[in-house]
Structures are given as C-alpha cells and as structure tokens.
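Everything on this sheet refers to the single structure shown next.
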Amino acid sequence: MGNLRILNCSCVFFLHLQLIGSGAAAQVITSQGTHGSYLTMQLGSALGAVFGIFVSRGVSGAQLNVVWSMSLWILGRQPWRKVPLYALSHLLGAFLGNALNVFCLYVDTDAIQVFSGGHLSVAGPNATAGIFCSYPADHLSVWGGIVDQVVATALLLICCLAVEDRRQGLLPDGLAPVLVGALILTIGLSMGSNCGFPLNPARDLGPRLFTFIAGWGEEVFKAGGGWWWVPIVAPFVGGLLGTLIYELLIEVHHPHTPQSPGQESEAVELEEVIKLKHVEEKLRYIWKN
C-alpha cells in the first residue's frame, strides 16, 4: 500500500508539472509569441512544480526528482528500495502528463497541427518537439550540455538541501514549495537558454518516449548529435556533486542536532533507550544495596 501511495502521488505531481509547464511552452510556441514569452514559460514550469508539491507532499513527501531521491538515500534519509520506485512513478507521470497535454493541444484544439503545418518536426522553424523535452541550442555542444546540466543540477540540490535543512532555521509551513518554485524559476531564467534546463531525468525521458511514439519519430533520439542521453545522465552527476558539496561544506559545520523529521525521531528513540539504561542501572544499584 505504501508503494502504491508513492506511485500515485508522484504521478499526480508530474501530471501537474507537465500540464502546466509544457502547456505554457506550447502556448508560447504555437502562438508564435503572441500569447506569452520566455518568462511565462519559466513561470509555468515553476508554478507547475509548486502546485504539484502542494498536492502530493502530504502523502509521498513530493519527491519531485529522482536525483533528489538519490540524494536522500546517499544521506541515509531513506532506503535505496524507494529510489527506483520514485523513478518509475516520475517516468509514468511525465509520460501521461504529456499524453494528456498533446491530446488537449493537438487532437482537440489542433494548435500544434496548425502551427506545424501537419508535420511534427524536431528541428526547424516549425519544430514542436521542444515543447515536451529538451534539445540543445545551436551553439551548444554535447560536452557543453553536460557541463550545463551538471552545474545546474548541483545548484538545484544544494539549494533544495538548504531549504530542507532545519538547522538553517525553521520555515513557516507551506513556504518550502514556494521556495522550490522560486529556485526553479531562477535556474530557468539564468541557465535555460542552452537546453531548457531539464534537471530531471524522468522529466525529459518520459516526454521523449511519448513524442517518439506520438508522431515525432526516432529523430527525438538523433537530434543534437544524439543529445537524448545528456539530460538523463548529467543530472545524476550534478546531483551527487551538489549533495557532496552541501554535506562537506555546510552540514558538517552544523551543531550535532537533529535535522530532518526522521533524524528527530531517531534522536528521540536513542534518548529513550539511554534513559531506560540509566533507570535499569539505578534499579540494579538499589537491588544490590
């Protein structure tokens, strides 16, 4: 039941993220900029994340990125078995979110079909594949894309760990999702022009798989010099780097006090065990004397 709960809530989160984020991109591209701009696309991605977190955080913790799940496992805050489950749920949610998005915009309203002239293309002036997943800008090499994603994802993890770190100061309830959304907006506005700042393996692979079977074809895996693997692999490297940076440069300098709710629970249990041992020792002393 717990695994099903994680799967359901993560799918719900990604449905929000894809419908709002990709929907904002679709509106700008298919209207040729008359109904939005680069800024509105970034706002859509950020707000999609915020509301997705609010919807699912009470049940699954709203782990919005498998790289974040990996980071929590590295820090010993969740078991490894949950990481592939989150990855699967994210992939499924991203796939379904784009399926619904394409249905609304392509089959129902024909916006994509009209804009593309009936030809679903990955590159060119009427390309629409970039609505759903990332492709490198003309100036970006594969190596440059790797560096872009490693740095951006490392920044994402460092800041998310800081938001979650209670020893940095307690946040008002409900502020954390807003800060995460602001972080996504900040990264998008400062680093989004290279390749659309995917930052999330499932966020990119799920839509890419859908566009592959929905009419864009195998070009979604060939474009950009075989770009498709970069937003899958590089974020894991960046996430590991960001986790290590925060752990070694920030967390180790905190006083030895509990940080997360899980750690607080462990500390309370340890304190109770110590108290029981003290009581037991006193009883033995009294009995002997």
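Worth a mention:
- FRET efficiency for the residue 176 to residue 142 pair, using the beta carbon distance and R₀ = 41 Å, is estimated at 0.75.
- Here r is the Cβ-Cβ distance between residue 193 and residue 32 and R0 is 25 Å; the resulting FRET efficiency, rounded to 0.05, is 0.85.
- Computed on region 151-209, with alpha-carbon pairs under 8 angstrom and 6+ residues apart, the relative contact order is 38 percent.
- Inter-label distance, nm, simple model (7 Å from Cα along the C-beta direction), residue 80/residue 151: 3.3 nm
- C-alpha center-to-center spacing [region 104-168, region 178-195] in angstrom: 12 Å
- Using a simple spin-label model with pseudo-atoms 7 Å out from Cα toward Cβ, residue 245 and residue 104 lie 3.5 nm apart.
- A crude spin-label estimate for the pair residue 54 and residue 252, with each label 7 Å from Cα along the Cβ direction, gives 4.0 nm.
- Each of 138, 204 was scored by other Cβ atoms within 10 Å of its Cβ. Listed from fewest to most, they are 138, 204.
All of the numbers you see were taken from the coordinates with simple rules; none came from a lab. All of these numbers come straight from a predicted model, not from anything done at the bench. Please note: Cβ atoms are built from the backbone with ideal geometry, for glycine as well, and neighbour counts cover all protein chains shown.
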